[in-house]
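Worksheet for the structure shown next.
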């Protein structure tokens, strides 16, 4: 084998090796981000936002610079052509992951408006007793606008409405 032939084989092997190296680079996974979801049970019945009244039936608003960090999650649900529920929670003092408990005079609030029974449960109202309630933010990512967490509440009213049990609440939101 001549030196020129030997050099050609070395160059071909080098080109083959380099091309294999670039084709075997780590590639980004093909899995997509989870879809947005908001789900819970209201007195044992599954609740998911649905319908359209001109605004999204599930949304998150965040302003970390207003007050001590404002965040609100709002949903609604239509049954047939009628608005049946509006459910939401939020805080005017939240900028990070954590567990936030509902109190009547506190800054972390939850509300449910049941239009089928005309019962309104607003955690800050004097006719509502918060037996228990919280929401968590497991993900609070302003840069990528990703938020996720869990929530539950038990609230009673003095006006004859049934005790409200919100259980198994989970949410994920990515803009």
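Is segment 28-114 rounded, prolate or oblate when judged by the Cα gyration tensor, a ≥ b ≥ c being the square roots of its eigenvalues, rounded requiring a/c under 1.5 and prolate requiring a/b larger than b/c? Verdict is oblate for segment 28-114. Each of residue 104 and residue 45 was given a label point 7 Å from its Cα along the Cα-to-Cβ line. The distance between the two points is 2.8 nm.
Translational diffusion of segment 94-146, estimated by Stokes-Einstein from the Kirkwood radius over alpha carbon pairs at 4 °C in a medium of 1.567 mPa s, is 102 µm² per second. With one equal scatterer per alpha carbon and no solvent term, the Debye-computed log10 I(q)/I(0) for segment 83-175 at 0.10, 0.13, 0.25 1/Å reads -0.27, -0.45, -1.30. Site pair residue 97 and residue 72 shows an inter-label distance of 2.7 nm when each label is modelled 7 Å from Cα along Cα→Cβ. A simple spin-label model places the labels of residue 125 and residue 35 3.4 nm from each other, with each point 7 Å out along Cα-to-Cβ.
Each value in this text was obtained by applying a stated rule to the coordinates, not by laboratory testing. Just so it is clear, the structure is predicted and the values come from calculations on it, not from any experiment. Heads up, the Cβs are rebuilt from the backbone with ideal geometry, glycines too, and the neighbour counts pull from every protein chain shown.
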